[in-house]
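The values are calculated or read from the model by the stated rules, or taken from the named source; none is laboratory data. Note that the structure is predicted; figures quoted are calculated from it, not measured. Every residue, glycine as well, gets a Cβ built from its backbone with ideal geometry; the counts of neighbours run over all protein chains shown. Accessible surface areas use protein heavy atoms only, side chains included; no ligands, DNA or RNA. Shrake-Rupley method; radii C 1.70, N 1.55, O 1.52, S 1.80 Å.
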Amino acid sequence: MRALGLAALTVLELPHHEQVSVAGQAGYSHVGLRLVPVAGQPYQHPVDIAAIKARLADTGVRVLDVEVFRLTAESGVAQFEPALAAAAELGSQHILVHGADPEVARLADRFGRLCDLAARYGVVANLEPMPWVDVANVDKALAVLRAAARANSGLLVDAIHFFRAGERIEALASVPPAYLHYAQFCDARRERPTEMQELIRQARGDRLMPGEGGLDLAGLLRALPADLPLSLEIPYARPLPALERARRAREATLRLLEAVQP
């Protein structure tokens, strides 16, 4: 069966070890953990590695990825080593990287050095395009990945960012399969916001369960490898307890996966 992970943003209000518990109770095989907060993040929990490891052992849930590794023009790669060490200790297979530097050559060099550091911990660095950062789309991400030319690198497709960037499903045909390690999955309103702040607001806190919105999720699934793990990243505006939110996200995804099976 395809691996399904509960992304941190779906249940961000919970401490990390409780995110693991909810993932296990809702039937997920994996969980994503945000150990490096982003600017303005409303919930910032202390990182208790021992508590997380204990909960992973209790539930049998595995860590799919650790986030967020944001590369800017000022980033020092060495600053990420503690988070990489934590990711490795927790058994994470991947880290999620944002490219927030307009100079491609400089970003590719820094991304390559991050990959080298990640390789020492047995971790793959996955670059996620988002419309409001410099690496805003698939083509820009591929330019960085090709320039960096590291074996432990990848492209992370997030459904909402992919469609909000105006991408076409056909664009994925140019992505080498070796770059695709997992994807982030959700639905959203069909209409693309005209204001960037509204686009960001929806992405950070008002996504929809698969099947509730207007994104071509079936087309996206058919264009991606059939066994690609999915991380369900669905910050949901409707008030629901975390466990119910996680369960509904998984059930909605399973229904869609069943519908697109050949």
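Computed quantities for the displayed model
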| quantity | calculated |
| --- | --- |
| Selected from 169, 135, 123, residue furthest toward positive end of dipole (the range 116-262; charges at beta carbon) | 123 |
| Sequence of 43, 182, 236 when ordered by accessible area, the most exposed leading, probe 1.4 angstrom | 43, 236, 182 |
| Hydrodynamic radius of the range 140-202 per Kirkwood, over alpha carbon pairs, in Å | 13.2 |
| Karplus-derived HN-Hα couplings along the range 42-53 (A = 6.51, B = -1.76, C = 1.60, θ = phi - 60°), whole Hz, x at Gly and Pro | x, 10, 9, 8, x, 8, 10, 4, 4, 5, 5, 4 |
| Per-residue HN-Hα couplings for the range 256-261 [Karplus 6.51, -1.76, 1.60; θ = phi - 60°; Hz; x = Gly/Pro] | 5, 4, 5, 5, 9, 4 |
| Stokes-Einstein D in µm²/s, Kirkwood radius over Cα pairs - the range 84-150 at 20 °C with 1.002 mPa s viscosity | 178 |
| Computed [θ] at 222 nm, deg cm²/dmol, the chain (DSSP H ≥ 4; -39,500 (n - 2.57); rounded to nearest 500) | -11500 deg cm²/dmol |
| Whole-percent pair-distance distribution, where bins are 10 Å wide, for the alpha carbons of the range 214-262 | 21, 52, 24, 3 |
| Ellipsoid semi-axes in whole angstrom, largest first, where each is sqrt(5λ) of the Cα gyration tensor of the chain | 25, 23, 18 |
| Dipole magnitude of the chain, debye to nearest 20 (Cβ charges: Lys/Arg +1, Asp/Glu -1, about Cα centre) | 280 |
| Accessible area of the chain divided out per residue, in Å², using a probe of 1.4 angstrom | 42 |
| Net charge over other residues, Cβ less than 15 angstrom from the Cβ of residue 19 (K, R count +1; D, E count -1) | -1 |
| Under Karplus coefficients 6.51, -1.76 and 1.60, residue-wise ³J(HN,Hα) of the range 173-182 in Hz, glycine/proline x | 5, 8, 8, x, x, 5, 7, 9, 10, 6 |
| DSSP-defined antiparallel bridges as percent of all bridges, the chain, nearest 5 | 5 |
| Accessible surface of the chain, 1.4 Å probe, proportion on carbon and sulfur as whole % | 51 |
| For the range 231-262 and the range 62-117, distance of Cα centres in Å | 28 |
